[in-house]
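K.L.:
Mind having a look at this structure? Questions to follow.
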Amino acid sequence: MHVRALRTWLEREESLEELVATGQLSIEEQAGTDEADGRLGPDIELVLKVLGDVVTVAALTEYTARAVKTWTNNRRRLQRGDPDPQIRSLDPDGE
């Protein structure tokens, strides 16, 4: 549930919304890369794929980190518990 909420938040974040709307950025859910299941079942990861040359990886990382921080702070205020999103860059092969 948290992953879908975060994905929706990112897709509507001002810095990312236009990139998603114009097809220059794709935000996708995929099974986690860890072998073991998390506390609530299999881990799900969000993968941001840059489909154009409009934004740099550094800028995309900054936009995403800022949006995730805002989302996390909002979740803490509204619900008990502490979501633990992690942001990491992948090479072009997804590794």
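K.L.:
For Glu62, which of the numbered conditions (1) open to solvent by 70 Å² or more (accessible area, probe 1.4 Å); (2) at pLDDT below 80; (3) out of contact with any helix residue (DSSP H, G or I) (no Cβ under 8 Å at 6 or more places or on another chain) fails to hold?
P.N.:
Exception for Glu62: condition (2).
K.L.:
Within the stretch 2-35, can you find the residues that are free of Cβ contacts under 8 Å to residues at least 12 places away in the same chain and assigned to a helix (DSSP H, G or I)?
P.N.:
Answer for the stretch 2-35, where residues must be free of Cβ contacts under 8 Å to residues at least 12 places away in the same chain and assigned to a helix (DSSP H, G or I): Thr8, Arg12, Glu14, Glu17, Glu18, Val20, Ala21.
K.L.:
Hey, among the residues in the stretch 23-45 that are more than 23 Å from Arg12 (Cα to Cα) and hydrophobic (A, V, I, L, M, F, W, C), which one's modelled with the lowest pLDDT?
P.N.:
Leu40
K.L.:
Right, here's the next one. Looking only at the stretch 65-87, which residues are over 13 Å from His2 (Cα atoms) and modelled with pLDDT of 85 or more?
P.N.:
Hits for the stretch 65-87 are Ala65, Arg66, Ala67, Lys69, Thr70.
The values are calculated or read from the model by the stated rules, or taken from the named source; none is laboratory data. Quick caveat: nothing in here was measured; it's all calculated off a predicted structure. Every residue, glycine among them, receives a Cβ derived from its backbone with ideal geometry; neighbour counts consider all protein chains shown. Side chains included, ligands, DNA and RNA excluded: accessible areas come from the protein's heavy atoms. Shrake-Rupley method; radii C 1.70, N 1.55, O 1.52, S 1.80 Å.
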